[in-house]
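Peer 1: If you scroll down you'll find the structure; I have some questions about it.
Bear in mind these aren't lab numbers, they're just calculated from the coordinates by the rules spelled out. As the structure is a prediction and not an experimental result, all values here were calculated from the model. Here Cβ is always computed from backbone atoms with ideal geometry, including for glycine, and neighbour counts include all displayed protein chains.
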C-alpha cells in the first residue's frame, strides 16, 4: 500500500493526523470534508469527528441531495426497487428490500423517527409483520421464481438493523422481530436460511446469514451487548475470508466484494458487526479483517466498492469522475467509523 505523507500548504504549520488516523496510508478526513456533498460532510461531522455543532435533521432536510432522495418516496412510504432487487424475488419482497435500503440511507443522513419520511417507510415495512415477529414481506423460496416458503432470516436481520438505526429500537414490534430471530438460531449460535437451506438447528450456520442477522444486534443499543450477540460475533469472526457452508455466495472471494451501500455480508460489514457488539483486536479474526480493510485503501486516500482493484485500476480510480467517487466517499466514511472503533 502506498504511504503518502500529508504536506502543509506554504506558510502553514504542518498538521499530521494522530492516533488511529496516523496508521493510514493517507488521512481521508480532509478529503471528505473538502469534496463531499453537504449530507456526507454532515455525517462526517456527526459520526466521525464528533462535532457538537454538526447539522441537525431540520437543516439536513433542506439539502438538495436529501430532497432529491425523498422525492422518490410514494404516499405509502415505499421507495422504488432497483433492478438488482427486482431479481431477488416477487414484487412484494423487492419492495421491502427497497424500504430497508431507504431506511439505511435516511439513517446515514441523520434522520430519525420524528421525521415523516422515516416513520412512513418504517410503517410500510412493518405492515406485514406476523404475530411471531417475522416480517412476511421478506419471505422467499429456494429460487426467485419459487413459491415463498419462509421469512429469509438474513433479510429479517437487515430490516431490524435499519429500523434500529432509524430510531425504532424500543418499539414493541422490533422486540417481536428479535424474538423471531432468536427462535430461529442454529445450535452453534449463528443463523442459516431455515425453511429453505435447512430445517435443522443442528446444521452449521451460514456466515452470509449470520452476518446479516448480526447487523440487527449491532445496530440496537439495547441488545448489542447481549450474550446472543457476543456468541454470534465470536462465531462470525472465525469465518473471515473463508468459504460459506452453503451454496449462497459460497466462494471466499465474496468476502472481498465490498458493497456501498451495504447489502450482502462482506468483510467490512462483518467487521462492523463483530466490533459493534464488543469484539476487539484481542480477537485474531478482528485483527485479520482490520488489516485487510486497511490494505484496501486506495492511493487517493479513499476506499472503493467492489472487488480488490488491480494496480492499474487503482491508479485509474484516482482520476475517476465525481459521480464514481461519491460512492467511494460514502464507503470511506463507513470504513473510518469502523477503524476508529477497532483502534
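Peer 1: Extension gain residue 343-residue 72, at 0.36 nm per residue separation less the Cα-Cα distance, in nm?
Peer 2: Details: separation 271, 0.36 × 271 = 97.56 nm, distance 3.83 nm.
Full extension of this stretch gives 93.7 nm more.
Peer 1: Something else: For residue 143 and residue 170 in one chain, what is 0.36 nm times their gap in residues minus the Cα-Cα distance, to one decimal in nm?
Peer 2: Details: separation 27, 0.36 × 27 = 9.72 nm, distance 3.43 nm.
Contour length minus the Cα-Cα distance gives 6.3 nm.
Peer 1: With the calculation restricted to Cα positions, what are the radius of gyration and Dmax of the chain in angstrom?
Peer 2: Reported Rg and Dmax, both Å: 20.0, 68.
Peer 1: Also, quick follow-up: Measure off 7 Å from each Cα along the Cα-to-Cβ vector at residue 291 and residue 226, then give the distance between these two points in nanometres to one decimal.
Peer 2: 3.4 nm
Peer 1: Then there is this: Which residue, 20, 191, 303, tops the fluctuation ranking in a GNM of the chain built on C-alpha contacts under 10 Å?
Peer 2: Result for the chain, Cα springs under 10 Å: 20 fluctuates most.
Peer 1: Please give the length that would be gained between residue 23 and residue 130 if that part of the chain were fully extended, namely 0.36 nm times their separation in residues minus their C-alpha to C-alpha distance (nm, one decimal). Mind dumping the intermediate values first?
Peer 2: Numbers: separation 107, 0.36 × 107 = 38.52 nm, distance 4.79 nm.
Extending this stretch completely gives an extra 33.7 nm.
Peer 1: Under a GNM of the chain (C-alpha, springs under 10 Å), which listed residue has the highest mean-square fluctuation: 27, 188, 266?
Peer 2: The residue with the greatest mean-square fluctuation here is 188.
Peer 1: Okay, next question. In whole Å, how far is the Cα centre of segment 192-240 from that of segment 84-106?
Peer 2: When both Cα centres are located, 21 Å separates them.
Peer 1: Would you mind giving the average projected area, over all directions, of the Cα convex hull of segment 174-311 in nm² with one decimal? Kindly include the intermediate steps, with their values, before the conclusion.
Peer 2: Values: hull surface 34.8 nm².
Its average projected convex-hull area is 8.7 nm².
Peer 1: Say R0 is 30 Å: what FRET efficiency, to the nearest 0.05, do residue 58 and residue 33 get from their beta-carbon distance? Display every interim value, and only then the final one.
Peer 2: Numbers: r = 21 Å, r/R0 = 0.71.
The pair residue 58/residue 33 has a calculated efficiency of 0.90.
Peer 1: Taking the chain as a Gaussian network, Cα atoms linked when under 10 Å apart, which of 73, 297, 156 shows the biggest mean-square fluctuation?
Peer 2: Of 73, 297, 156, the most mobile in the Gaussian network model is 73.
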